[in-house]
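Coordinate-derived values only; no laboratory data. The structure displayed is predicted, hence computed values, not measured ones. Cβ placement follows ideal geometry from the backbone for every residue including glycine, while neighbour counts extend to all protein chains displayed.
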Amino acid sequence: MKHILIAGGGIGGLSAAISLSKAGFSVTLCEAASENRKTGAGILQPQNALAVLKELGVFEECCKHGFQTEWFKTFDEQGNLLFQVSESFLDDTLPGRNNILRKTLNDILMKHAKAAGVNIKWGKKVVAYEETAESVTAVCEDGEKMKADILAGFDGIHSAVRDIMLQKETEKEHLGMGAWRFYIEFPDFSFEDATLMYKSGDTQIGVVPLAEHAGYVFVLQPCTSDYWDEEDTRFDRVKEILSGFSGLDFVTKHMSKEHPVMFNKLEQVAVHEPWHKDRVVIGGDAAHAGAPTLAQGAAMAIEDAIVLAEELKNHDDIKTAFHAYYERRAPRALKVQNLSSEIVRRGLKGEPGAEELIGECYAVLREGY
Ligand SMILES: Cc1cc2nc3c(=O)[nH]c(=O)nc-3n(C[C@H](O)[C@H](O)[C@H](O)COP(=O)(O)OP(=O)(O)OC[C@H]3O[C@@H](n4cnc5c(N)ncnc54)[C@H](O)[C@@H]3O)c2cc1C
């Protein structure tokens, strides 16, 4: 039985751990963090993400702990409805979308990985690896070494495994947008069956239901590549942006410092070289991190995980399996990623055509993987 070491316990790494373990491999997962995430905002799961969650065997649990919507409604800053679109684009038997707290999703995936027999090691940041013809040995920051037949880098946009494998520091393209995200509770407001988006100029604010009276808010606004919003100024910055939207008074009045505001700059990493070399392979954001405009990052990472397990099960030879994985995954994931980023680029230039790009993405997603 091949032993596979996964670097990274995010959505991609945990999905890979579950898929590989179910395919009959022995799996150890090394996560850099010392414990499972405690906080975090929400994550939107469109229909194709729900289809892959079904394959992983976690769909029902994600829906039970999430909130399903059928519509995506867009408003102006005063709260006037501009238009609404159905979130169903793939399968009428699935909800249009599920929204879930990242921590809850991670907990569900972690539980299933453990049940599948995955050995999970916390506080193990992979910083180097050594290879021979027979094995690969990952070196962790604390000096521990772990030997395996395969090392799979699902270690996110700043992937160390990828950079060691490609022997270079991979360039991250700044997409010109900052993203602020926070969790919020609304005792006097009830979500119905829609995810809400408010737009004014180049600012977009999403209000995403996670339960009838709770949700998560994301704010997208242009920022330069050297901009950074420190933790202690984020709350006031976001409140100031929201105060320009009278239609969002129901949000602003319930903002509380109890729930931290996260800030990221939107960046893209697109690996066009093969995603594998010798006994090492990468997937998820390590290979294709993009803008969250189409909410596809997690679905693409989970698809990578499932396909990697399928190809390793289908081929005894590692090189053949990795090549088949790359051939199946790279065109689709990089296309979806590019469409997601293009929506941001066009928006910043004030160019129309986002609907066309969304339609193009749905056409790709309908093709299957
Ligand atoms: C603002 C924003 C909003 C988003 N919203 C959505 C959304 O609504 N829907 C959606 O589908 N996607 C969304 N995404 C994208 C999504 O978060 C990512 O595509 C997805 O999390 C990728 O999963 P991953 O496992 O590849 O990487 P990550 O989730 O980044 O996980 C990587 C893991 O590896 C660990 N790690 C890092 N380095 C090492 C190392 N050297 N050794 C060991 N462990 C390591 C990290 O601690 C982390 O746990 C969003 C992204 C952003 C920036």
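Are there any pairs with C-beta distances below 9 angstrom linking a residue in the stretch 150-168 that is of a type in the set (Phe, Trp, Tyr) to a residue that is assigned to a loop (DSSP other than H, G, I, E, B) and within 6 Å of the ligand (Cβ to nearest atom), with the two at least 6 apart or on different chains, and if so which?
Pairs found: 154/8; 154/9; 154/10; 154/284.
Could you check the stretch 9-57 and list, in sequence order, the residues that are charged (D, E, K, R) and within 9 Å of the ligand (Cβ to nearest atom)?
Within the stretch 9-57, 31, 37 qualify.
Run down 207, 261, 238, 269 and say which single residue is β-branched (Val, Ile, Thr) and in contact with a Gly (Cβ under 7 Å, 6 or more places away or on another chain).
Going through 207, 261, 238, 269 in turn, just one is β-branched (Val, Ile, Thr) and in contact with a Gly (Cβ under 7 Å, 6 or more places away or on another chain): 207.
Looking only at the stretch 68-107, which residues are of a type in the set (Lys, Arg) and buried (at least 18 other Cβ atoms within 10 Å of the Cβ)?
Once the filter is applied, which keeps residues that are of a type in the set (Lys, Arg) and buried (at least 18 other Cβ atoms within 10 Å of the Cβ), the stretch 68-107 yields 73, 97, 102.
Please state which of the following conditions residue 348 fails to meet, knowing it meets all the rest: (1) without any contact (Cβ under 8 Å) to a residue 24 or more places away in the chain; (2) part of a helix (DSSP H, G or I); (3) under 30 Å from residue 226 (Cβ atoms).
Of (1) without any contact (Cβ under 8 Å) to a residue 24 or more places away in the chain; (2) part of a helix (DSSP H, G or I); (3) under 30 Å from residue 226 (Cβ atoms), only one is false for residue 348: (1).
Name the residue that is surrounded by the fewest Cβ atoms within 10 Å (Cβ to Cβ), counting only residues in the stretch 123-174 that are aliphatic (A, V, I, L, M) and within 10 Å of the ligand (Cβ to nearest atom).
Among them, the one singled out is 128.
Right, residue 6: of a type in the set (Val, Ile, Thr), within 11 Å of the ligand (Cβ to nearest atom) and either closer than 26 Å to residue 184 by Cα or free of Cβ contacts under 8 Å to residues at least 24 places away in the same chain (or both) or not?
Judged against the criteria, residue 6 is not a match.
Looking only at the stretch 48-86, count every residue that is touching a residue at least 60 places away in the same chain (Cβ under 8 Å) and either in contact with a strand residue (DSSP E or B) (Cβ under 9 Å, 6 or more places away or on another chain) or over 26 Å from residue 9 (Cβ atoms) (or both) and tell me the total.
19
Within the stretch 289-346, restricting attention to residues that are surrounded by 19 or more Cβ atoms within 10 Å (Cβ to Cβ) and among the basic types (Lys, Arg), which residue is farthest from residue 26 (Cα to Cα)?
Ranking the qualifying residues of the stretch 289-346, first place goes to 332.
State the number of residues belonging to the stretch 272-317 that are under 18 Å from the mean Cα position of the chain (by Cα), in a helix (DSSP H, G or I) and not aliphatic (A, V, I, L, M).
7
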